Amino acid sequence: PPVTDYLVQLKELGLLDDDKLSAFQARQLHSSGVPVSYIQEVDNAGFLDDLDFVAISEFYNNDIPLSYLSEFEEAGFLDKVSFIGISEFYTNDVSMDYLRTLDQAGYLDDLSFVYITEYYKAGVTTTFLDDLKAKGLYEELSFIDIVEMYKDENN
């Protein structure tokens, strides 16, 4: 629909106000092709307050289900992982169990989504990371070094 109709629909649904979406944010969502129905789903799932319009657009355009976001929320990771990280984890099938294991071992806060994705693909374990820390090597190595060393020692 034209942007005016889009804004009217959002206003009628109570989504176009200071507590939900600004007109600027709504216009950006419109130009990104995000339908009003999706914004309504995001709001009904309780995520509209937590996500900015860029994240909403990213999740919509990458077909990331809201149930996946719910898993992050239930695990307590929604505030720990960037929306780009969530998108990458979904695209690369990084398991929630792997993320929980990293979090319990204290690595989730310290590692970028790129590192986590590559560690997951290579099968790098928290035991391996802990061992590198115990030997004083963890801080000295790049994530590529860690991935390659893990592969060398486990294949």
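The values are calculated or read from the model by the stated rules, or taken from the named source; none is laboratory data. These figures come from a predicted structure and were not determined experimentally. Cβ coordinates were reconstructed from backbone atoms using ideal geometry, including for glycine residues, and neighbour counts include every protein chain displayed.
Out of all the residues in region 116-135, is one or more touching an Asp or Glu at 6+ places or on another chain (Cβ under 8 Å), closer than 30 Å to Leu29 by Cα and outside the structural domain of Pro35 (by TED's automatic domain parsing)? Checking region 116-135: at least one residue is touching an Asp or Glu at 6+ places or on another chain (Cβ under 8 Å), closer than 30 Å to Leu29 by Cα and outside the structural domain of Pro35 (by TED's automatic domain parsing).
Can you confirm whether Asp109 is assigned to a helix (DSSP H, G or I), without any contact (Cβ under 8 Å) to a residue 60 or more places away in the chain and loosely packed, with under 13 Cβ neighbours inside 10 Å?
The answer is no for Asp109.
Restricting attention to region 23-53, the residues that are exposed (fewer than 14 other Cβ atoms within 10 Å of the Cβ) and either more than 23 Å from the chain's Cα centre (by Cα) or part of a helix (DSSP H, G or I) (or both) add up to 5. None of Leu78, Leu137, Leu108, Leu48 is over 30 Å from Leu13 (Cβ atoms) and either in contact with a helix residue (DSSP H, G or I) (Cβ under 8 Å, 6 or more places away or on another chain) or among the β-branched types (Val, Ile, Thr) (or both) except Leu108.
When you check Ser67 against the structure, is it part of a helix (DSSP H, G or I), of a type outside the set (Asp, Glu) and more than 9 Å from the chain's Cα centre (by Cα), yes or no? So Ser67 passes the test.
With the structure loaded, tell me whether Val81 is free of Cβ contacts under 8 Å to residues at least 60 places away in the same chain, out of contact with any strand residue (DSSP E or B) (no Cβ under 8 Å at 6 or more places or on another chain), over 23 Å from Leu111 (Cβ atoms) and not in a helix (DSSP H, G or I) or whether it fails that test. Spelling it out, it is not the case that Val81 is free of Cβ contacts under 8 Å to residues at least 60 places away in the same chain, out of contact with any strand residue (DSSP E or B) (no Cβ under 8 Å at 6 or more places or on another chain), over 23 Å from Leu111 (Cβ atoms) and not in a helix (DSSP H, G or I).
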